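Asks: Just dropping this structure here.
Readers should treat all values here as calculations from the given coordinates under stated rules, not as data from a laboratory. This structure is a prediction, so every number in the text was calculated from the model and none was measured. Heads up, the Cβs are rebuilt from the backbone with ideal geometry, glycines too, and the neighbour counts pull from every protein chain shown.
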Amino acid sequence: MKVAGVAGVMAMVLAACSEKPQPVARDFPDADSAGAILLVSRCGTCHVAPLPVAHVADGWLTVLNRMQMRMRSRGYPLLEKEEQRVLLEYLQVHAAPAVK
Ligand code: HEC
């Protein structure tokens, strides 16, 4: 009984999470690319996934490093080196133009 209760609460929590509005992949440039898929799946859980134009190319590494910290502190799986490389490249290619 007690175990079932805990499982029930877990199911509710999980259901609540999956009801969060998720951005649709077509809002993102080059939406079928590995980078876009990583962005939507890994960066749209705590908040809506940001568009790459949210930062200039040089700004994204700092943001990614900070997000890895946020993921670690909340017990989320971290991005692997290769995932980080693919995601960073995607964000930088589609980033806001640098301010001159
Ligand atoms: C574990 C939860 C979590 C995940 C996963 C997460 N973020 Fe965040 N993000 C936050 C929190 C908390 C803030 C607000 C505090 C801050 O800016 O550090 C934030 C803020 C942001 C901001 C706005 C602040 C800024 O500097 O522009 C951007 C952009 C961002 N996240 C990008 C990302 C990207 C890209 C990913 C995927 C690699 C990601 N986030 C994944 C928790 C998360």
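Asks: Fully extended, how many nm does the chain gain between Arg74 and Leu61 (0.36 nm per residue separation, minus their Cα-Cα distance)?
Replies: 2.7 nm
Asks: Another question, then. With θ set to phi - 60°, apply the Karplus curve 6.51 cos²θ - 1.76 cosθ + 1.60 along region 70-87 and write out the HN-Hα couplings as whole Hz, x wherever there is a Gly or Pro.
Replies: For region 70-87, the Karplus curve yields 4, 5, 4, 5, 9, x, 7, x, 6, 6, 6, 3, 5, 5, 5, 5, 5, 5 Hz.
Asks: Using mean Cβ contacts within 10 Å as the protection proxy, how do 82-95, 49-62 order, highest first?
Replies: Descending packing order for the listed peptides: 82-95, 49-62.
Asks: Check which residues have an amide H placed less than 5 Å from Val56's amide H, if you skip close sequence neighbours.
Replies: Sorted by chain and number, the residues that satisfy this are Ala96.
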